[in-house]
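Novice: There's a structure below that I have some questions on.
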Amino acid sequence: MNHRLQESMSLAKPDAKDLTGKQKVSLFIGILGLFILALALFNINLPNQGLVLFFALGCIAVGIVLFSNDAYLNKSKGIKNDAVWFKSISSRGVLGWATGIVLTSFYIVLYFFPQLLGLGKNGVSNTGLIALFDPLSNLLSGRPASQWFVYGSLYTIAILFFGYKFILKYRHNRYQQLRTGSVMFFQLGFAFLIPEFMYRLNSNLPYYDLKSIWPLNYYIFDEWSVKGFLSNGNLGLALIVFGLLSIFVITPILTYKFGKRWYCSWVCGCGGLAETAGDSFRQLSSKKLSAWKLERWLIHTVLVFSVVMTTAMIYSYLGYDSNKFWLTKNLFIGLVIGFLTILFLAVMIFKRNELGKDVKYGAIGYFVVIGLLLIMHFTGTTNEVFFIKGSTLRSAYGLYIGSIFSGVIGTGFYPILGNRVWCRFGCPMAAILGFQQRLFSKFRITTNGGQCISCGNCSTYCEMGIDVRSYAQKGQNIVRSSCVGCGVCSAVCPRGVLKLENGSVKGRINSNDVLLGNNVNLIDLLKR
Amino acid sequence: MEHIVIIGNGISGVTAARHIRKHSSKKITIISAETDYFFSRTALMYVYMGHMAFEHTQPYENDFWKNNNIALVKGFVKTIDTEAKTLRFESGDSLKYDKLIIATGSKSNKFGWPGQDLQGVFGMYHKQDLEALEQFAPNNTICKRAVIVGGGLIGIELAEMLASRNIPVTFLVRESSFWNGVLPNGESQMINRHIKSHHIDLRLSCNLKEIKSDENGRAKSVIIEETGEEIACNVVGLTAGVTPNIAFVKSSSIETNRGVLVNRFLETNIPDVYAIGDCAEQRDPIGNRRPVEAVWYTGRMMGEIVAQTICGNRIPYNPGHWFNSAKFFDIEYQTYGWVFAKPKENHAHFHWKHEDDTKCITIEYNTLTNEFIGINTFGIRMRHEVFNTWLNEKRDVDYVIDHLSEANFDPEFYTRFEEDIKTTYKNQMQNI
Ligand SMILES: Cc1cc2nc3c(=O)[nH]c(=O)nc-3n(C[C@H](O)[C@H](O)[C@H](O)COP(=O)(O)OP(=O)(O)OC[C@H]3O[C@@H](n4cnc5c(N)ncnc54)[C@H](O)[C@@H]3O)c2cc1C
Ligand code: SF4
Ligand code: SF4
């Protein structure tokens, strides 16, 4: 019986929830836009490129807007997750897999075969899809488009218009609206427009998205990048100082006050795409304990990798002679090891209790990093670290983490693994912010006493795969390093059990005095 | 080793098992005829609506039970032999116990209506009901109309479920206004309007007379008692309350009334036999509480307490201040302390409603002492802990109104209404 039920429910067709007429038309308009882009891809010569591009992107935008209007504005305000698990696209059905494959292929082409998109190298002019974007690129920065410009434009359009959809879906929820407005703003302004304008002002400056912070922005300390900044006088210097301040000052302060959500759900572009275009897939994240274990190993391994890689990169272009430049290889490696050691000791001394069982893992991580750095220092030559060329290490990181993990798997697999695969398993920035959130933050999700009915909506819709219910039903607050503070668990809870809050650090984890409704304190009884 | 057997894998039985395991290494067996694993009954609606797959309603992963050494048995217990301390199953098997916990929950009420056992007629309690609903009402071509009989919390959930698949619903409510045996008038009226705004054909003061059958033994229409009107339909949902599911206990020497009778220690008249959750009936009522309380939270509390008693720490069931919650389509409802449909003697209500007709609160207080008795809140989330403290401290109503913002639990950036509520309160007090 059980089996039959599941089966009939997962088929998309026999259910009542078909697309309405208006939704079909909207879908058609949107797909028409994509189709025109596909035509360009096959190098079909389209006349009047500017107009065609405008028309194609317009179709995509209008399609999404009309679809969203019909899907949400005809319904009362409130949580409308009807049929999410019946629709093929959002329940790993045929459409879900097909979308996953198309997205994945797109990323593979984008990262590894941009010439297929029509990228002209060495001064040859662009063709195909990339050429179609030349007019827009020329308009903004005065140079022809690249594959990254095409990607950036599509990315921004996705965030803006699926953001619109998200805002309609949550039009009863001001928290959701504001944070979506915020990621839309940061994507359009900081990631897309400002870097283009900056290029117009000063074409020697490296591309710099101000909100992209190391280690997410893993190339900021590359030799070409640093040289690029430094050769550009005060503006360049200011930018690199801002980069350092972001990591060491701004980030810890904001995370202390608001939790990592200030970045992951309000600012970050990866998070922005996940929350808007990826929203239909949030329920697909795995809630299994085994997934949580994998997550912790993976994300911290990436963090270790990125710390070592960045140190090695900088190390490899520093010199030995302090007369030439004050920061030498020796001083630098000493500073890094010193900083990590102070951090490690401070955590071990002051925050041991909060870490609990994870103390062991923290220690392993620390000693692995230090060990690697020392090996590097004593075996390294001018251009070799770990007996491989420094630049090879850097390209390996760029390839495996920067491209394959964050792009191909992270976004390509949205319809299969959920919309925050990268943020959950791979993002080193999320690992750092999560560490801060767990240990030094005022943020928590408060559970409302005994009101939880264990229904499971919160866990199902948590994109980070946190089993929110397992805390809520015990009356415990949720303090988890991976929580990006999207607030959707709180929004979907039918009993008003969850609230994202910044409060006092004391009593943040309240497992000792939970209120479930009984007038006896079971904990006291146990201690007796 | 002592063998604890629990009949019923709902919230009460499972909580008892978990807590016995926490405090001891006794042998534990949970029996259920319904499902292999514990699931959250309160979430059944979301499975039909497609918000969740059934497995999401299971709070523990399947290997949890094995890891915690809790044995699960699927089967229907037919009789309890308390002399031989043995359970007999419908299948013919039997199982011996040292201590027995009866946690068999409820079943949907059927009041002897003609046609109540036809095909396409069912309650909304067990997983099997959900499966029947999926079979008889998968969409609005197979089910052209559904009739729901009984205006309580489960009835309105069923209406929302069917509406999510665009199935037209007629909702027969015996009372003159939705759930007005519990809700004060202003709230009940607001919910009436909200139900209708979701295109539900709400029929107040209407009773079911009979359900008519087609030639295949399937429901084809219902007749309304008051008007004799016949309403064609393919599905009839019976949601006129629940009763303890204890028919199989009646043949044993365990004393029952509506439910299995228990004292404050959740013990029945037979030593080593306990009853908890929906199926337990208190011999001595506790405060304003009813002897049988069919809610999730009390089942959970009783499970915790009975585990203490079984593990050698005999303590009475002593629920704290009453609280509850529900959701009526898009409107969330929470209650703390007591608000009665009509204020009790020497009590009065303060009622505030927002002009958008989706938010309101009602506070019951004592007119002699001004003591705060309880609050109902619709569309505004409030903090359990704060009200629990205020009830413990016996705060007066003015204090509660003045400090309402401390109790707010809405998400950040939501519009707040405390000032508006305060003004309304001051104005009303001046007019008295
Ligand atoms: C649709 C719906 C929504 C609800 N929503 C809420 C809500 O929002 N808030 C709230 O507080 N409460 C709600 N309730 C009530 C709440 O679910 C119940 O109070 C609670 O589930 C009772 O738990 P229990 O453990 O006592 O029994 P149950 O959950 O009923 O578990 C008893 C189990 O025992 C099994 N059983 C019975 N007899 C036998 C036998 N002879 N042999 C073997 N097995 C047997 C049954 O099949 C069942 O699986 C809702 C109920 C329903 C149906
Ligand atoms: S726990 Fe809640 S707020 Fe945090 S990531 Fe999950 S759904 Fe978002
Ligand atoms: S916290 Fe809310 S959504 Fe989560 S299980 Fe409890 S009642 Fe359901």
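Each row is one residue, and each column tells you yes or no for (1) at pLDDT 95 or above; (2) within 14 Å of another protein chain (Cβ to nearest Cβ).
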residue	(1), (2)
B:411	yes, yes
B:416	yes, yes
B:419	yes, no
B:423	yes, no
B:430	no, no
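Novice: Identify, please: which residue in the range A:479-494 is at pLDDT below 95 and either within 7 Å of chain B (Cβ to nearest Cβ) or more than 8 Å from ligand 2 (Cβ to nearest atom) (or both) and is, among those, most open to solvent (accessible area, probe 1.4 Å)?
Specialist: So, considering only residues that are at pLDDT below 95 and either within 7 Å of chain B (Cβ to nearest Cβ) or more than 8 Å from ligand 2 (Cβ to nearest atom) (or both), the one most open to solvent (accessible area, probe 1.4 Å) is A:481.
Novice: Out of B:186, B:112, report the one residue that is more than 16 Å from ligand 1 (Cβ to nearest atom), open to solvent by 10 Å² or more (accessible area, probe 1.4 Å) and either outside any loop (DSSP other than H, G, I, E, B) or among the charged types (D, E, K, R) (or both).
Specialist: Being more than 16 Å from ligand 1 (Cβ to nearest atom), open to solvent by 10 Å² or more (accessible area, probe 1.4 Å) and either outside any loop (DSSP other than H, G, I, E, B) or among the charged types (D, E, K, R) (or both) holds for just one of B:186, B:112, which is B:186.
Novice: Return a yes/no flag: does the range B:373-382 have any residue that is part of a helix (DSSP H, G or I) and modelled with pLDDT of 95 or more.
Specialist: The answer is no; no qualifying residue exists.
Novice: Sticking with this structure for a sec: If a residue must be within 14 Å of chain A (Cβ to nearest Cβ) and within 12 Å of ligand 1 (Cβ to nearest atom), how many such residues does the range B:123-155 contain?
Specialist: 8
Novice: Can you tell me which of A:28, A:55 is at pLDDT 90 or above, assigned to a helix (DSSP H, G or I), in the same structural domain as residue A:162 (by TED's automatic domain parsing) and closer than 22 Å to residue A:149 by Cα?
Specialist: Answer to the selection: A:55.
Novice: Within the range A:437-444, is there a residue that is open to solvent by less than 10 Å² (accessible area, probe 1.4 Å), within 16 Å of ligand 2 (Cβ to nearest atom), in contact (Cβ under 8 Å) with a residue 12 or more places away in the chain and closer than 20 Å to residue A:307 by Cβ?
Specialist: Yes, the conditions are met somewhere in the range A:437-444.
Novice: I'd like the full set of residues that are more than 18 Å from residue B:323 (Cα to Cα) and near ligand 3 (Cβ under 7 Å from one of its atoms), limited to the range A:444-473.
Specialist: Once the filter is applied, which keeps residues that are more than 18 Å from residue B:323 (Cα to Cα) and near ligand 3 (Cβ under 7 Å from one of its atoms), the range A:444-473 yields A:456, A:457, A:458, A:459, A:468, A:469.
Novice: How many residues, within the range A:456-478, are part of a loop (DSSP other than H, G, I, E, B) and either within 10 Å of ligand 2 (Cβ to nearest atom) or open to solvent by less than 10 Å² (accessible area, probe 1.4 Å) (or both)?
Specialist: 8
Novice: Could you give me the residue pairs with C-beta distances under 6 Å whose first residue belongs to the range A:81-107 and is more than 8 Å from chain B (Cβ to nearest Cβ) and outside any loop (DSSP other than H, G, I, E, B), whose second residue is open to solvent by 20 Å² or more (accessible area, probe 1.4 Å) and at pLDDT 95 or above wherever it lies, and which are 6+ apart or on separate chains?
Specialist: Within 6 Å, no pair qualifies.
Novice: Could you check residue A:273 against (1) closer than 25 Å to residue A:209 by Cα; (2) within 16 Å of ligand 3 (Cβ to nearest atom) and say which number it fails?
Specialist: So the condition that residue A:273 fails would be (2).
Novice: What strands (runs of 3 or more DSSP E), lying completely within the range B:243-333, carry at least 2 residues that are away from chain A (no Cβ under 14 Å)?
Specialist: B:260-262, B:273-275, B:280-282
Novice: How many of the residues in the range B:401-413 are under 18 Å from residue A:447 (Cβ atoms) and in a loop (DSSP other than H, G, I, E, B)?
Specialist: 4
Novice: Ok, one more. Does the range B:96-108 include one or more residues that are within 14 Å of another protein chain (Cβ to nearest Cβ), open to solvent by 20 Å² or more (accessible area, probe 1.4 Å) and out of contact with any Leu (no Cβ under 6 Å at 6 or more places or on another chain)?
Specialist: No, the conditions are met nowhere in the range B:96-108.
Novice: What number of residues in the range B:24-80 are away from ligand 1 (no atom under 15 Å from the Cβ), open to solvent by less than 30 Å² (accessible area, probe 1.4 Å) and within 11 Å of another protein chain (Cβ to nearest Cβ)?
Specialist: 2
Novice: Quick check: anything in the range B:354-372 within 11 Å of another protein chain (Cβ to nearest Cβ), modelled with pLDDT of 95 or more, assigned to a strand (DSSP E or B) and closer than 27 Å to residue B:320 by Cα?
Specialist: no
Novice: I would also like to ask the following. Just checking, does the range A:426-435 include any residue being open to solvent by 10 Å² or more (accessible area, probe 1.4 Å) and more than 12 Å from the chain's Cα centre (by Cα)?
Specialist: Yes - at least one qualifying residue is present in the range A:426-435.
Novice: Does residue A:276 satisfy the condition of being over 30 Å from residue A:134 (Cβ atoms) and open to solvent by less than 20 Å² (accessible area, probe 1.4 Å)? Can you show your working first?
Specialist: On the way: over 30 Å from residue A:134 (Cβ atoms): no; open to solvent by less than 20 Å² (accessible area, probe 1.4 Å): yes.
No; evaluated as a whole, the condition is false for this residue.
Novice: Just for the range B:207-228: of the residues that are open to solvent by less than 80 Å² (accessible area, probe 1.4 Å) and in a loop (DSSP other than H, G, I, E, B), which one is nearest to residue B:116 (Cα to Cα)?
Specialist: Ranking the qualifying residues of the range B:207-228, first place goes to B:217.
Per-residue answers, yes or no, for (1) of a type in the set (D, E, K, R); (2) away from ligand 1 (no atom under 16 Å from the Cβ); (3) in the same structural domain as residue A:97 (by TED's automatic domain parsing):
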site: A:399; (1), (2), (3): no, yes, yes
site: A:446; (1), (2), (3): no, yes, no
site: A:461; (1), (2), (3): no, yes, no
site: A:469; (1), (2), (3): yes, no, no
site: A:477; (1), (2), (3): no, yes, no
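Novice: Any residue in the range A:498-506 that is free of Cβ contacts under 8 Å to residues at least 60 places away in the same chain, within 13 Å of chain B (Cβ to nearest Cβ) and more than 10 Å from ligand 3 (Cβ to nearest atom)?
Specialist: Scanning the range A:498-506 turns up at least one residue that is free of Cβ contacts under 8 Å to residues at least 60 places away in the same chain, within 13 Å of chain B (Cβ to nearest Cβ) and more than 10 Å from ligand 3 (Cβ to nearest atom).
Novice: Still on this structure: How do the pairs read when you match residues in the range A:154-177 that are without any contact (Cβ under 8 Å) to a residue 60 or more places away in the chain and within 14 Å of another protein chain (Cβ to nearest Cβ) with residues anywhere that are among the basic types (Lys, Arg) and open to solvent by 10 Å² or more (accessible area, probe 1.4 Å), using Cβ under 9 Å and keeping only pairs 6 or more apart or on different chains?
Specialist: From residues that are without any contact (Cβ under 8 Å) to a residue 60 or more places away in the chain and within 14 Å of another protein chain (Cβ to nearest Cβ), the pairs are A:177/A:171.
Novice: Now for a different question. Given the residues B:342, B:359, which is the only one that is over 29 Å from residue B:44 (Cβ atoms), surrounded by fewer than 21 Cβ atoms within 10 Å (Cβ to Cβ) and not assigned by TED's automatic domain parsing to the domain that holds residue B:288?
Specialist: B:342
Novice: Looking at B:129, B:117, which one is in a loop (DSSP other than H, G, I, E, B), of a type in the set (Asp, Glu) and open to solvent by 20 Å² or more (accessible area, probe 1.4 Å)? Talk me through it step by step, then tell me what you get.
Specialist: Numbers: B:129 fails: in a loop (DSSP other than H, G, I, E, B).
The conditions single out B:117.
Novice: So is residue B:104 of a type in the set (Ser, Thr, Tyr) and in a strand (DSSP E or B) or not?
Specialist: Spelling it out, it is not the case that residue B:104 is of a type in the set (Ser, Thr, Tyr) and in a strand (DSSP E or B).
Novice: Can you name every one of the helices (runs of 4 or more DSSP H) wholly within the range A:252-369 that holds 3 or more residues which are closer than 30 Å to residue A:189 by Cβ?
Specialist: Hits in the range A:252-369: A:261-264, A:269-276, A:289-317.
The values are calculated or read from the model by the stated rules, or taken from the named source; none is laboratory data. The structure displayed is predicted, hence computed values, not measured ones. Please note: Cβ atoms are built from the backbone with ideal geometry, for glycine as well, and neighbour counts cover all protein chains shown. To get the accessible areas, we keep the full protein, side chains included, count just its heavy atoms, and leave off ligands, DNA and RNA. Shrake-Rupley method; radii C 1.70, N 1.55, O 1.52, S 1.80 Å.
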